[in-house]
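Below: one structure, written as C-alpha cells.
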Amino acid sequence: MNTQFDSLTADHALEFPGGYTRSVGPVIGRFLTELRDGRLVGVRTADGRVLFPPVEYDTDGTAVTGEFVDVGPECVVGAYAWVPRPRPGHPLDRPFAWALITPDGADTAMLHVLDLGVFEPGAKPPKTLRAGLRVRPKWRAERTGTVGDIEAFRPDVTMINAPVRADYRLSAGRALSRFLGGVAEGRLLGHRCRVCGKVYVPMKGMCPVDGVPTTEEVEVPDTGTVTTFAVNNIPDPRAPDVPFVSAYVLLDGSDIAMVALVAGVPADQVRMGMRVRAAWRPREEWGQTMANIKWFEPTGEPDVPFDDIKDYL
Amino acid sequence: MNDIAVVAFAQTEHRGEDSGLSEVEMLAPVITEVKQSTGLSRFGFTCSGSLDYLAGAPFSFVSALDAVGAWPPISESHVEMDAAWALYEAWVRLRHGDIDTALVYGFGKSTQVVREDGESGLPELMTLQLDPYYLAPLGPDQTSLAALQARAYLDAGHKEDDLRAVAVRSRAAGRANPYALDLAEPGEEEYEVAPLRPSDCPPVTDGAAAIVLATGDRARELCERPAWIRGIDHRTDAHAFGARDLARSESAALAGEKAGARDVEVAELHARFSHEELILRDALGLGDDVRVNPSGGPLAADPVMATGLIRVGEAAARIRSGEAGRVLAHASHGPCLQSNLVCVMEA
C-alpha cells in the first residue's frame with residue numbers, strides 16, 4: 001500500500017453523555033436490589049438448579065421459576081486470570097485477578113474481581129491463587145444496585161499475623177569484648193588451649209573440648225578457607241543482593257570456622273576449599289563490631305584440598 | 001440444490017500500524033482484485049462484516065460500499081459480526097437458487113482505537129460487546145477474559161508450554177506469509193494477563209479481505225479449482241460464561257459435527273489466543289496429522305472483522321493450489337469462543 005502522503009488525523013470519542021439507560025427487568029432487577037442491600041441471591045430453575053447471577057432462562061432455554069434463593073456469602077473460585085498491570089478501565093489500579101466465583105448454594109458462577117492484597121506493579125500471581133480458593137464479598141459502604149456494589153472478593157481468613165517483640169541490653173562478656181576490641185583495631189584475636197593446643201577465633205575464654213579456661217592470646221591473619229557454604233535467596237539487610245552466600249571460613253591458624261558472608265564472586269562459583277580474604281570497611285567506619293568486615297572475597301589462590309578441611313566442617 | 005464454492009479470495013498485506021488510509025481506501029484494492037480474478041463486475045448478492053465501534057461511527061459500513069460500486073442499486077446486506085458470518089448469509093442467499101454469484105468482504109482498522117494515553121484501546125473496546133448488566137460494568141477487557149479461559153484449560157490438565165508452542169509456530173508461519181505481520185520469535189516475556197503472555201495474544205492489525213462465492217457450473221467457469229462448501233454451520237454457547245465449562249467448546253464441537261469436520265488435511269482456525277487453538281483442536285477432533293493455521297492464523301495477523309473470513313479464504317487457497325483435497329475453516333466471535341462457525345470445503 002502507498003503510504004507516501006501526508007495523512008491527516010483527528011482525535012475522536014464515542015460516548016453516551018451521562019451513560020446509557022437500560023431497563024433491567026424483574027429477574028436482574030431483584031438481584032441488583034438484593035445486592036444493594038448486601039445480599040447475594042440466585043434464581044431456581046425448573047429442574048432445581050440455582051443460577052447465579054440470576055438470568056431469565058436457563059441454558060436449555062427454559063424460563064426460570066420466580067423463586068429467589070439466598071446464596072453465599074461463602075464462595076469458591078473457579079477459573080481465574082491474573083492481571084499484573086491493570087489497564088485504565090480496570091476496577092483496581094494494582095495487581096488483581098478476574099475470577100469466576102460460585103457462591104455456596106449456587107450452580108453457576110459470576111465474573112468478579114479478586115483482591116489478594118498485592119500492591120507491587122507487575123507482581124507474579126500469588127501462590128494462594130488457585131481454583132478452589134474460598135472467598136467472600138467486600139461490600140462497598142455506599143451501594144447503588146450495580147455489580148460494582150461488591151468492591152472485590154477477598155480470601156477467607158486462614159492466618160493471622162501476631163507481632164512479637166521484647167527489648168534487651170546484652171553484655172558481650174569478657175572474652176568477646178576483648179575479641180571485638182581487637183576487631184576495632186583491625187586485628188583478629190583468639191585463644192590457644194593449653195591442653196589440646198587448638199586455636200579458637202573468636203575466643204570464649206574456655207576450651208569447649210577440654211573444659212579448661214584459656215588465656216594464651218593468638219593473633220591470626222584475615223585470610224582463610226571456605227569449608228562449607230549456603231546460597232541464600234531470602235533478602236537480608238546486612239547482606240548483598242540475593243542470591244548471596246554465607247559460608248564457614250576457617251581462618252589461617254585457627255581451628256574453628258566462623259560464619260561469614262562471601263562476596264565478590266557469583267554465588268554459583270563459590271566452592272568448598274576456596275581461599276578468601278576479609279574485605280574490611282574503610283577504617284573511619286570501624287567500631288567494636290564484626291560489621292567492620294563486610295564479607296570475605298576470593299584471593300585467587302589455588303583451592304585447599306578437601307582432605308585438609310574435612311575435619312573442620 | 002446448487003453446490004456452492006469459493007472461487008476467488010483476496011486480502012490486504014495486513015499492517016500493525018495505521019497506514020493513513022481510510023477504510024474504503026484499504027478495502028478497494030481487494031474488491032478490485034476479486035473482480036479482476038473472476039472477470040465479474042456485478043454480483044447477485046453482496047454481504048459485508050464490519051464493526052462500527054472500530055470506526056467510532058454509526059453505519060460506517062455504508063460508506064464502505066463506495067469500494068464496491070453500488071449504483072444502480074445492488075442487493076446488499078451487512079452483519080455486525082466477523083465477515084465469516086456474512087459469508088454464511090451469502091451462502092444461505094445462494095441456496096435460494098435464483099442467483100449464482102455473491103461478493104463477501106470484511107474489514108477493520110483496529111489501529112485507530114487509541115486510548116487517551118496513546119496505547120491501543122482495542123482490548124477494552126471489546127468490553128462493549130459484553131452483557132451490560134453483569135459484565136461490562138466491571139470493565140473486563142478481552143485479554144483478561146481470554147486468560148480466564150486459558151486458566152480453565154490449563155487446570156483441566158495442560159501445560160503453559162503447550163501455549164508457547166502454538167505462539168512460536170504461529171509467528172514462524174506468519175513470517176513466511178507475505179500477508180501476515182512480521183513478528184519476532186517469542187522470547188522471555190512477562191505475563192500480559194497470566195497465564196497469557198503477549199505472544200499468546202493477537203497483534204493489533206489493520207486489514208481487509210474479500211471472497212467470491214458462485215454456484216454449480218458458474219463456479220467451474222470462474223475458477224479452475226473451486227473450493228466446494230460441503231458443510232457450513234454455526235452455533236453459540238450461553239452468553240453467561242460462568243454457566244459453561246470454559247475448558248471446552250461445546251458450540252464449536254456441535255458446529256463441527258454438523259458441518260462434517262472430519263478427514264480434513266488443513267484447518268484454518270480463528271484462534272485469537274494460543275489456548276483457543278488447543279480447545280478448538282479438541283472440539284473439532286483435529287489430530288496431529290492436520291496442518292493447523294499454515295498461514296500463521298490470528299496470532300500473526302488479526303484484522304478484526306476480516307480475520308474469520310480470511311480463515312475461509314486461506315483454507316480455500318489450499319484447495320485451489322492443489323495442496324489439499326479437504327479443508328476446514330473456522331470463525332469465532334464473542335468472549336471465550338462464545339460463538340463458532342465451521343466451514344468444510346473440498347476440491
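Derivation of every value follows stated rules applied to the coordinates shown; laboratory data play no part. Just so we're clear, the structure is a prediction, and the values are computed from it rather than from any experiment. Positions of Cβ are backbone-derived with ideal geometry, glycine not excepted, and every protein chain shown enters the neighbour counts.
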Where both residues lie in the protein assembly as shown, what percent of DSSP beta bridges are antiparallel, nearest 5?
-> 85 percent
May I ask you to evaluate 6.51 cos²θ - 1.76 cosθ + 1.60, the Karplus curve with θ = phi - 60°, for each residue of the stretch A:85-100 and list the ³J(HN,Hα) values in order in whole Hz, giving x for glycine and proline?
-> 10, x, 8, x, x, 7, x, 10, 9, 9, x, 7, 10, 7, 8, 8
Please list, in chain and number order, the residues 5+ apart from A:GLU74 or on another chain whose amide H is under 5 Å from its amide H, with Hs placed from the backbone.
-> A:ASP104
Quote the FRET efficiency, to the nearest 0.05, computed for B:ARG225 versus B:ARG42 with a Förster distance R0 of 25 Å and r equal to the Cβ-Cβ distance.
-> 0.55
Between A:LEU92 and A:GLN288, take the C-beta separation as r, use R0 = 56 Å, and let me know the FRET efficiency to the nearest 0.05.
-> 0.65
Any idea what angle helix B:23-38 forms with the longest principal axis of chain B, computed on alpha-carbon atoms, 0 to 90 degrees, nearest 10?
-> 50 degrees
What is the fewest-to-most order of B:MET305, B:MET126 by other Cβ atoms lying within 10 Å of their Cβ?
-> B:MET126, B:MET305
Within chain B, the percent of DSSP beta bridges that are antiparallel, given to the nearest 5, stands at 75 percent
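Per residue Cα convex hull volume for the protein assembly as shown, in cubic angstrom?
252 Å³
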Relative to the longest principal Cα axis of chain A, at what angle does helix A:173-184 sit, 0 to 90 degrees, rounded to 10?
-> 90 degrees
Take the alpha carbon gyration tensor of the stretch A:181-313, find the square roots of its eigenvalues, order them as a ≥ b ≥ c, and report rounded if a/c is under 1.5; if not, report prolate when a/b exceeds b/c, else oblate.
-> oblate
Treating cross-link reach as a plain straight distance, find the lysines whose alpha-carbon is under 19 Å from the alpha-carbon of B:LYS159, omitting any fewer than eight places away in the same chain.
-> A:LYS124, A:LYS127
Among rounded, prolate and oblate, which fits the stretch B:152-280 when a ≥ b ≥ c are the square roots of the eigenvalues of its C-alpha gyration tensor, a/c under 1.5 means rounded, and a/b larger than b/c means prolate?
-> oblate
What lysines sit close enough to A:LYS198 to cross-link, taking a C-alpha to C-alpha distance under 24 Å and skipping anything fewer than 8 places away on the same chain?
-> A:LYS310
Counting partner chain Cβ atoms within 10 Å of every residue's Cβ in A:93-105, what's the average?
-> 2
Which whole number in µm²/s is D for the stretch B:231-339 by Stokes-Einstein, with the Kirkwood Rh taken over Cα pairs at 37 °C and 0.692 mPa s?
-> 237 µm²/s
Note: B:124-136 gets an average of partner chain Cβ contacts (10 Å, Cβ to Cβ) equal to 4
Cα-based convex hull, chain A, per residue volume (Å³, whole number) = 358 Å³
Report the percentage of all Cα-Cα pairs in the stretch B:1-84 whose separation exceeds 14 Å, rounded to a whole percent.
-> 70 percent
Residue-wise, which Karplus ³J(HN,Hα) couplings in Hz belong to the stretch A:17-25, taking 6.51 cos²θ - 1.76 cosθ + 1.60, θ = phi - 60°, and x for glycine or proline?
-> x, x, x, 9, 7, 10, 7, 9, x
What does the average come to when, for each residue of peptide B:14-24, you count the partner chain Cβ atoms lying within 10 Å of its Cβ?
-> 2
With B:ASP52 itself left out, Lys, Arg at +1 and Asp, Glu at -1 over residues whose Cβ is under 15 Å from its Cβ give -3
Going by C-beta contacts inside 10 Å, put A:HIS191, B:HIS275 in order with the fewest on the left.
-> A:HIS191, B:HIS275
If each K or R counts +1 and each D or E counts -1, the residues other than A:ALA172 whose Cβ falls under 14 Å of its Cβ total +4
Roughly how tilted is helix B:83-95, in degrees to the nearest 10 and between 0 and 90, from the longest Cα axis of chain B?
-> 40 degrees
Tell me which residues come under 5 Å, amide H to amide H, from B:LEU181 once H is placed; ignore anything under 5 positions away on its chain.
-> B:ALA301
Nearest-0.05 FRET efficiency for B:HIS96 and B:GLU33 at R0 = 45 Å, using Cβ-Cβ distance, is 0.95
Cα gyration tensor of chain B diagonalised, 5x eigenvalues square-rooted, in angstrom largest first, produces semi-axes 30, 23, 19
Note down the nm distance, to one decimal, between modelled labels 7 Å out along Cα→Cβ at A:PHE5 and at B:GLU265.
-> 4.3 nm
Added length on full extension, which subtracts the Cα-Cα distance from 0.36 nm per residue, A:GLN269 to A:SER177 | 29.6 nm
Enumerate the calculated ³J(HN,Hα) couplings along the stretch B:274-282 in order (Karplus 6.51 cos²θ - 1.76 cosθ + 1.60, θ = phi - 60°), each rounded to whole Hz, writing x wherever the residue is Gly or Pro.
-> 4, 5, 4, 4, 5, 5, 6, 4, 4
Please list the non-local residues whose amide H lies under 5 Å from the amide H of A:THR299, H modeled 1.01 Å from N, same-chain partners needing a gap of 5 or more.
-> A:ARG275, A:VAL276, A:ARG277
Identify which of B:GLU116, B:GLU33, B:GLU192 has the largest mean-square fluctuation in a Gaussian network model of chain B, with springs joining Cα atoms closer than 10 Å.
-> B:GLU116
What nm distance separates the two modelled labels at A:THR146 and B:ILE74, each placed 7 Å from Cα along Cα→Cβ?
-> 4.3 nm
In the neighborhood of A:THR62, defined by Cβ-to-Cβ distances under 15 Å, what is the net charge if each Lys or Arg adds +1 and each Asp or Glu adds -1?
-> -4
Neighbour-count ranking [beta-carbon atoms within 10 angstrom, fewest first] of A:PHE296, A:PHE96, A:PHE16 | A:PHE16, A:PHE96, A:PHE296
Using mean Cβ contacts within 10 Å as the protection proxy, how do A:115-123, A:51-59 order, highest first?
-> A:51-59, A:115-123
